[in-house]
Amino acid sequence: MSVQTTMQAAARGRWAVAGIFLANGFLTGSWAPQIPVFLTRLDITRFTLGLLILLFGVGAVIAMTWCGHLISRHGSRSVTRWFGVCGSFGLLIVALAPNVPLAAIAMLVFGGSIGGMDVAMNSNAVVVERRLSRAIMSSSHGFWSLGGFAGGALGGYSIQNYGYLAHAVAVTVIAFAVITFAIRYLIAEDRPQVVDHQKFTLPRHTAVYLVGLMALLTMISEGAVLDWAALFLHQELGADLAVAGLAYAAFSGVMALMRFLGDSVRNRFGAVSTLRGSALVAAAGMLVAGLSPSPYLAIAAFAFCGFGIANMVPIIFSAGGNQEGMSSGTGMSVVTTMGYSGILVAPSAIGFVAEHSSFGPIFVALSALLVVVLLMAGLAHRAEFAPEPVPAE
């Protein structure tokens with residue numbers, strides 16, 4: 001295969017994996033407007049709803065844990081195909097569940113397919129980065145944010161005008177079409193990854209767990225803004241509901257924009273320097289938000305925090321997928337599992353603390369966690385990937 005053909009295939013693979021990120025974000029974002037209907041349709045309490053949502057997370061973490069082993073044996077392209085096709089039907093399965101027991105199973109399956117798809121697509125993005133010798137992870141996550149925004153924005157209107165089931169069918173058709181088109185152009189690792197064991201085991205390299213810790217601390221902060229920023233503005237800073245809702249909108253909007261710009265910044269300044277600067281900005285934004293006496297200052301601070309956090313997770317994921325002595329799938333599995341565990345555990349822990357305190361000190365404490373990431377940023381040097389050798393003509 002010629003150099004030109006190889007690079008053309010890599011370029012197609014770059015946009016193919018972007019399509020997978022877009023579809024994953026679209027499926028996840030489309031679930032949010034289904035939640036109120038899910039609650040009333042099954043006639044369940046908020047506590048039961050919380051348990052069902054937790055099962056989504058449990059399914060995701062279980063799939064993430066095993067996905068690295070699957071990628072080691074079959075490659076990121078094949079595993080992305082499997083989980084992508086299955087994931088496109090996840091929301092429809094949940095929408096069709098007629099009772100709580102079947103809904104619980106559906107949520108496990110939906111979470112598992114989305115979680116496995118997440119690890120596989122991030123692993124494949126690492127393969128593309130190596131092939132192109134440049135960063136594409138931040139913009140890939142930007143496509144995820146764009147898909148999530150589209151799913152959330154269109155979902156409420158669709159459900160109100162056409163019903164929850166029609167919405168779920170439409171989401172499934174769109175996601176399936178995007179995924180089946182994209183998977184034809186995904187690229188595979190050049191060299192088959194050697195599997196030196198047949199049973200699932202956790203990697204023994206300490207470095208990958210430290211990178212996973214950085215993902216955990218970063219995603220705790222991201223999840224905290226998602227779940228608690230609006231309540232902080234409404235209950236403690238006196239904002240009405242419309243203004244309070246702007247906190248996460250500003251945070252996520254700036255984050256999506258910066259993710260599309262992040263690859264060029266990382267390519268220019270390097271992964272470690274970009275991560276350090278991003279962590280410093282994010283910590284400052286979170287600190288100002290926690291100390292803010294005004295809801296509008298807090299909104300601006302959360303937006304500034306989103307400016308910093310935007311490219312932290314993509315860089316950390318690239319570092320996880322480039323760990324020495326293990327496949328990209330194995331490293332990515334550890335880092336994504338640890339990172340997303342933070343989003344699962346943090347909301348309930350923060351809610352418990354907030355019962356005995358206020359949200360302001362919690363956001364100040366989260367800024368300290370981002371400073372820890374700043375101090376650990378040198379571990380992201382593995383994100384300074386070495387290009388894969390290009391086959392000679």
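On the given criteria, is Ser264 closer than 17 Å to Ala377 by Cα, in a helix (DSSP H, G or I) and not basic (Lys, Arg)? Against the criterion (closer than 17 Å to Ala377 by Cα, in a helix (DSSP H, G or I) and not basic (Lys, Arg)), Ser264 does not qualify. When segment 240-258 is filtered for residues that are in contact (Cβ under 8 Å) with a residue 40 or more places away in the chain and open to solvent by less than 80 Å² (accessible area, probe 1.4 Å), the ones remaining, listed by number, are Val243, Ala244, Ala247, Tyr248, Ala250, Phe251, Ser252, Gly253, Val254, Met255, Ala256, Met258. Assess whether Val335 counts as being assigned to a helix (DSSP H, G or I), open to solvent by less than 30 Å² (accessible area, probe 1.4 Å) and at pLDDT 80 or above. Yes, satisfied.
Test of understanding: among Gly306, Gly290, which residue is surrounded by fewer than 24 Cβ atoms within 10 Å (Cβ to Cβ) and touching a Ser or Thr at 6+ places or on another chain (Cβ under 9 Å)? Gly290 is the lone residue from the list that is surrounded by fewer than 24 Cβ atoms within 10 Å (Cβ to Cβ) and touching a Ser or Thr at 6+ places or on another chain (Cβ under 9 Å).
Just one of the listed residues (Ala63, Ala120, Ala125, Ala95) is part of a helix (DSSP H, G or I), small (Gly, Ala, Ser), under 30 Å from Gly253 (Cβ atoms) and open to solvent by 10 Å² or more (accessible area, probe 1.4 Å), namely Ala63. One residue alone among Phe110, Phe143, Phe149 is touching a residue at least 40 places away in the same chain (Cβ under 8 Å), open to solvent by 50 Å² or more (accessible area, probe 1.4 Å) and out of contact with any strand residue (DSSP E or B) (no Cβ under 9 Å at 6 or more places or on another chain), and that residue is Phe149.
With respect to the conditions (1) open to solvent by 50 Å² or more (accessible area, probe 1.4 Å); (2) not in a helix (DSSP H, G or I), Ala135 lacks only one, and its number is (1).
The set of residues in segment 82-92 being over 18 Å from Phe38 (Cβ atoms) and open to solvent by 80 Å² or more (accessible area, probe 1.4 Å) consists of Trp82, Cys86.
Looking only at residues in segment 1-36 that are surrounded by fewer than 17 Cβ atoms within 10 Å (Cβ to Cβ), of a type in the set (A, V, I, L, M, F, W, C) and over 19 Å from Ala182 (Cα atoms), which one is modelled with the lowest pLDDT? Filtering first and then ranking leaves Met1. Name the single residue that is nearest to the chain's Cα centre (by Cα) among those in segment 42-93 being farther than 22 Å from Met326 by Cα and among the polar types (S, T, N, Q). So the residue we want is Ser88. Among residues that are part of a helix (DSSP H, G or I) and either open to solvent by 10 Å² or more (accessible area, probe 1.4 Å) or more than 26 Å from Gly115 (Cβ to Cβ) (or both), Val313 is not included. Anything in segment 106-147 that is over 20 Å from Thr65 (Cα atoms) and more than 13 Å from the chain's Cα centre (by Cα)? List them, or say none. Val128, Glu129, Arg130, Arg131, Leu132, Ser133, Arg134, Ala135, Ile136, listed by residue number.
Take the conditions (1) under 18 Å from the mean Cα position of the chain (by Cα); (2) over 16 Å from Val373 (Cα atoms); (3) among the aliphatic types (A, V, I, L, M); Ala244 misses just one of them, which is (1).
The values are calculated or read from the model by the stated rules, or taken from the named source; none is laboratory data. Predicted model only: the values in this text are computed from it and were never measured. Because the Cβ atoms are built from the backbone with ideal geometry, glycine has one as well, and the counts that use them run over all protein chains shown. Side chains included, ligands, DNA and RNA excluded: accessible areas come from the protein's heavy atoms. Shrake-Rupley method; radii C 1.70, N 1.55, O 1.52, S 1.80 Å.
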